[in-house]
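Colleague: What follows is a single structure, and I will ask about it in a moment.
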Amino acid sequence: MDNYICKCECHIHSLDGGLAEATILAKTGDNQYLAQYGDVKCTAIYNPFVGKYFVDDKYGIVRDKKPVSRER
């Protein structure tokens, strides 16, 4: 089973709000989501008035943290 909420047409920030397919990976807060557009993980919100997710792939990029080695 795939581990995501949905794949859907979303408004993408880098496309000036244009529609493109993105994957909503997880809900991270009250109306805050983790999304993936292409190979970029980023933040998103859901607008219930238009029924679409808004993905911020410009300023909301989420980078995977690498484990810090504490050995010396």
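Every number here is computed from the coordinates shown, using simple stated rules; none is lab data. Computed from a predicted model, the values in this text were never measured in an experiment. So basically every Cβ, Gly included, is an ideal-geometry build from the backbone, and we count neighbours across all protein chains shown.
Colleague: How far is it, in nm, from the label point at LEU19 to the one at ASP39 when both lie 7 Å from their Cα along the line to the Cβ?
Modeller: So the label points at LEU19 and ASP39 sit 2.8 nm apart.
Colleague: Given springs between every Cα pair under 10 Å in a Gaussian network model of the chain, which of LEU25, LEU34, LEU15 has the largest fluctuation?
Modeller: Result: LEU15 has the largest fluctuation of those listed.
Colleague: Let me ask you something else. Using the count of nearby Cβ atoms within 10 Å as a rough guide to exposure, how do CYS8, CYS42 rank from fewest to most? Intermediate values should be presented prior to the final figure.
Modeller: Values: CYS8 14, CYS42 24.
Fewest-to-most Cβ neighbours within 10 Å comes out as CYS8, CYS42.
Colleague: In addition: Excluding GLU9 itself, calculate the net charge of residues whose Cβ lies under 13 Å from the Cβ of GLU9, where each Lys or Arg counts +1 and each Asp or Glu counts -1. Let's see the in-between values first.
Modeller: Numbers: positive: LYS7, LYS52; negative: GLU21.
Charge balance in the 13 Å sphere: +1.
Colleague: What are the ³J(HN,Hα) couplings of the range 24-37, residue after residue, when phi is run through the Karplus curve with 6.51, -1.76, 1.60 and θ = phi - 60°? Round to Hz, x for glycine and proline.
Modeller: 8, 8, 7, 8, 10, x, 6, 6, 10, 9, 9, 10, 10, 10
Colleague: Can I ask one more? Using Cα pairs under 8 angstrom and six or more residues apart, how large is the relative contact order of the chain, in percent?
Modeller: Working: 134 pairs, mean separation 18.0, N = 72.
Relative contact order, the chain: 25 percent.
Colleague: Using the 10 angstrom Cβ neighbour count as an exposure proxy, how do ARG63, ARG70 rank, fewest first?
Modeller: Values: ARG63 8, ARG70 5.
If I rank by nearby Cβ atoms, fewest first, I get ARG70, ARG63.
Colleague: What nm value, rounded to one decimal, do you get for the distance between ASP30 and TYR46 when each label is placed 7 Å out toward the C-beta?
Modeller: 1.6 nm
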